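Take a look at the structure set out below.
The values are calculated or read from the model by the stated rules, or taken from the named source; none is laboratory data. No experiment lies behind these values; they were computed from the predicted model shown. Neighbour counts are summed over all protein chains in view; Cβ atoms, including those assigned to glycine, are modelled from backbone coordinates with ideal geometry.
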């Protein structure tokens, strides 16, 4: 893997001389008459593109595919050449998009057929291309700065794609020589200026791709030639291509070669017919992407081992079958690669249907067609923020199959990973405490004492608990022990930490009447235990795997707990204390930015707190009750009927 | 990383080794002794590794398919017969076959070749294979490099002097070169004896089969863990950063994120994170995984009852539908998550992202992620009903921005017809008419396709003449105006040029 390979920098040099204004002699019908309105009207004569138009739209298509698949670090510099060189953009990332290039091209306009052909030459452009290849890109600059004394590791390679209309093979050789010479000169310049300028680099490698294009029906005066090394720095290849769609096809092949692309055809895409909304036909869409997305096929495709090669040699496109997505369930797939895609035929209806579907947030699994009939999901198409990626999913046997379950390992037998809800925990870990912090910690401790006195259940997550948890007084005992350990771990930080511990120790030495109170509370507690147990049993029956369902159950479990909470407060409960939510929110400081890391515990606690506080609103009647009796329909005694309606609404919430 | 042990059972392996004052050994006995040691090591310290055993002479045979049952492998070692000559190439082809059928082409495998360095004679000998290496077609390609990521370890039942006396060592070195340098040759130091074979296999174990131990940290909570399979060093760019990156042994959790937000990210590899119990000296007591061994069993039961952070983390991630982001090294991250096996088992798993400041474009730079409490407003909304992810790219991709492509005539025709359709519904469709018209004009100007502008102008003028008497007067006005403007655009360049 090299970041600064030849494909880091691509220079397009497009001929803008008068002969490029000539027609490519391939007609395009553009006046397609709509049915029912054709009587007596002769359609307008077809038009044809100029060599220039063909060259520009083919190179724009090359750039479109490249930018879609490599939005960063693959850069294009566009030069047009006539009586001079016009450099349309720079290597900066802001200049790297289709809109910029199209706007610059519009400003240049088509070649002027009346210009003096003697003054015009592609050579100006080629010389400018070499100059521009010497210029450092922001990525090269960044890498050099980062590597410091190893800056020389940053390579400077590039590719020149020159689209022109050459006169002969010797004309082509002359162009090659010119590039060769210019590179030589500029490398010398760059070498000498190294100490003075940080913006120039020597060219280590340059790939010249000369494309001779000519009107359809003419004879080519230039012959094709495969890649040849002209010097240690320069290689050159010549393509002689008819204009029109032939040129577009050639550049499509080249972009695939230059950027290691491969093609995948998604087949069996169901699409609603415009005319018949109830029926759907199946369509195919071809996508380009980096060839690593086919790594599994490539490896098994070129298997030299007799018999096992299923697909034969690597085909030009690989077909994958659309699997209609089920609901949008969120799953973490084992994905070994994700590659940006570009549709081959971006504006066709099937392509845009597929891309819009994906851009709307749906994912599609893709299946390998296999002769055996077994279903193998090997890829997934998914968009992330307006970009579509082809994900490669692992489809072979996993080397981690049948792993030991976490419950069989260390700590796996512990069922009670409870998390107590104490704001103190996030404060005590700080290096220094303010008076307010100390006060907060003390409040928390008093609050816990209060909760224990009232025999309130500790807000324990039932998650991960199997079987019946410990009894409530046992829970409190464990909680106090944990709290003491926690606070003790920090007493050396400051005298204020010490004060928190003192407060804690004072509270722990509880009066004997506490025990008595406990016994009285036991009966009530048993009732709750049963309801808790029911929740737990319910959970146990359910499979661990379906996390969605599990979540639902937990939600329900929490609700049930909340309900149990309300039921408990029946009229015959002894001396109802002012009912509070599970945790006193007023005393819990909001999640403030604390200096230390936010602990898992406090993250969890805050989450639970907010969730629970949202669950119910205290019944207004109970809040205002006297001896737990609220007088209903008080307002009826008053005169206003409007209030009735309003109250009715409010109480329904 | 599954292992394939490829054992030479040609006749030359039965050559006796002179050991003073003891019964006579053959080279194959030394080999079996070394492999026994390897298998015993794996059975205790690397028990999740899948290993297969292949024997070869002029033919090859899969004695034991991939298994974690080291007793079976051990038994197979004692049931090997002696055969004819060495024919390495066909055996390596066999290895390709076996690995690809089992694991495909993406899972890295280690191939442990055990041989005496006699490379066979005539056709099929390694010398012959290497001599004809350049004359091969796709159909009889040499099996190296292996068509899967691999390491080739060659264990020679011979010492260096013996191998150097012929060209054997050179040939074996060529093999490693052909595997893109992935692998190593081990020879016996000093005389051929059990002790020296042990030390040779000891080196292999140190190199390739030492378990990776790490400490998983999250704030004040920690757990000792084994990461299996071992994370392998990774090279980001061989040119500008050729030093392989190795992951930290302190794995620090730096944050948590929803599964929906991380969204099936691509990963380099994935690994089980197994909590281990260490005794005071820091030696591993066990992974807590139940075993037949009674002593271990009780130790495991004790370990099982000591709370472990991994279990807490696993449970929390599972219930919350989240993953934990873990720092693997400078600018290198991974994720921890709960992975459910097909059965009712689930596990803590770690996947490694590609090193770099921004491994997942949809999360942006990792350094810019922070706790929710750092944000002015909760980016997930008060009711957890939105998400700051995925990030939107600066520039839209071509498929998301309605680009104009006229390479196929159908593309052009569709665009012209859109204009025509709207032209016939003027003045109601004035807005869309001009939107489409301007899109076409813009593209035609960029492509220098002035004939199209003229053509469409003609077409609009014709439409104007075809308007029914009932048509709104504005329709004719708009069509004429549009046609005029297109004509103007189509000649603009010529006029500029002439100046």
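List of remarks:
- Screening residue B:358 against (1) within 30 Å of residue A:398 (Cβ to Cβ); (2) in contact with a strand residue (DSSP E or B) (Cβ under 9 Å, 6 or more places away or on another chain); (3) more than 7 Å from chain A (Cβ to nearest Cβ) leaves a single unmet condition, (2).
- Just one of the listed residues (A:400, A:439, A:390) is within 30 Å of residue B:397 (Cβ to Cβ), at pLDDT 75 or above and either surrounded by fewer than 18 Cβ atoms within 10 Å (Cβ to Cβ) or within 33 Å of the chain's Cα centre (by Cα) (or both), namely A:390.
- Residue A:329 meets all of the listed conditions (1) modelled with pLDDT of 90 or more; (2) within 14 Å of chain B (Cβ to nearest Cβ) but one, namely (1).
For every residue, the table says whether it meets (1) within 13 Å of another protein chain (Cβ to nearest Cβ); (2) surrounded by fewer than 18 Cβ atoms within 10 Å (Cβ to Cβ).
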| site | (1), (2) |
| --- | --- |
| B:31 | no, no |
| B:34 | no, no |
| B:46 | yes, no |
| B:49 | yes, no |
| B:89 | yes, no |
| B:97 | yes, no |
| B:126 | no, no |
| B:139 | yes, yes |
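- Number of residues in the stretch B:163-189 that are outside any loop (DSSP other than H, G, I, E, B) and within 21 Å of the chain's Cα centre (by Cα) equals 1.
- Check on residue B:54, surrounded by 15 or more Cβ atoms within 10 Å (Cβ to Cβ) and farther than 22 Å from residue B:157 by Cα: no
- Selection from the stretch B:242-286 of residues that are at pLDDT 90 or above, within 24 Å of residue B:220 (Cβ to Cβ) and away from chain A (no Cβ under 11 Å): B:247, B:248, B:249, B:250, B:251, B:257
- So residue A:126, is it at the interface with chain B (Cβ under 9 Å from one of its Cβ atoms), within 20 Å of residue A:18 (Cβ to Cβ) and not in a loop (DSSP other than H, G, I, E, B): no
- Subset of the stretch A:109-126 (residues that are surrounded by fewer than 21 Cβ atoms within 10 Å (Cβ to Cβ) and touching a helix residue (DSSP H, G or I) at 6+ places or on another chain (Cβ under 9 Å)): A:109, A:112, A:113, A:114, A:115, A:116, A:117, A:123
- Some residue of the stretch B:382-389 being buried (at least 16 other Cβ atoms within 10 Å of the Cβ), in contact (Cβ under 8 Å) with a residue 40 or more places away in the chain and more than 11 Å from chain A (Cβ to nearest Cβ): no
- Residue in the stretch B:105-115 that is under 26 Å from residue A:393 (Cβ atoms) and without any contact (Cβ under 8 Å) to a residue 40 or more places away in the chain present: no
- Only residues that are facing chain B (nearest Cβ under 7 Å) and either farther than 15 Å from residue B:301 by Cα or touching a strand residue (DSSP E or B) at 6+ places or on another chain (Cβ under 9 Å) (or both) were counted in the stretch A:403-414, giving 8.
- Condition broken by residue B:224, with the remaining ones in (1) within 14 Å of chain A (Cβ to nearest Cβ); (2) on the phi > 0 side of the Ramachandran plot; (3) surrounded by 19 or more Cβ atoms within 10 Å (Cβ to Cβ) satisfied: (2)
- Within the stretch A:53-80, residues that are buried (at least 24 other Cβ atoms within 10 Å of the Cβ) reach partners that are part of a strand (DSSP E or B) and at pLDDT below 95 with beta carbons closer than 7 Å, at six or more positions or on different chains, in the pairs A:54/A:24.
- Residues satisfying the criterion are absent from the stretch A:24-43 (criterion: within 14 Å of residue A:162 (Cα to Cα), more than 7 Å from chain B (Cβ to nearest Cβ) and more than 26 Å from the chain's Cα centre (by Cα)).
Every residue, every condition in (1) over 30 Å from residue B:316 (Cα atoms); (2) within 23 Å of the chain's Cα centre (by Cα); (3) part of a loop (DSSP other than H, G, I, E, B), yes or no:
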site	(1), (2), (3)
B:143	yes, yes, yes
B:157	yes, no, no
B:161	yes, no, no
B:191	yes, no, yes
B:196	yes, no, no
B:200	yes, no, no
B:204	yes, no, no
B:226	no, yes, no
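- Residues of the stretch B:411-450 that are assigned to a loop (DSSP other than H, G, I, E, B), more than 10 Å from chain A (Cβ to nearest Cβ) and within 47 Å of the chain's Cα centre (by Cα): none at all.
- Every residue from the stretch B:67-87 that is touching a residue at least 24 places away in the same chain (Cβ under 8 Å), assigned to a loop (DSSP other than H, G, I, E, B) and either within 18 Å of residue B:153 (Cβ to Cβ) or within 14 Å of chain A (Cβ to nearest Cβ) (or both): B:86
- Residue within the stretch A:414-429 that is under 16 Å from residue A:487 (Cα atoms), part of a loop (DSSP other than H, G, I, E, B) and modelled with pLDDT of 70 or more present: yes
- Residues that are at pLDDT below 90 and more than 12 Å from chain A (Cβ to nearest Cβ) within the stretch B:141-154 are absent altogether.
- Filter result (more than 14 Å from chain A (Cβ to nearest Cβ) and either farther than 18 Å from residue B:82 by Cβ or out of contact with any strand residue (DSSP E or B) (no Cβ under 6 Å at 6 or more places or on another chain) (or both)) within the stretch B:1-15: B:10, B:11, B:12, B:13, B:15
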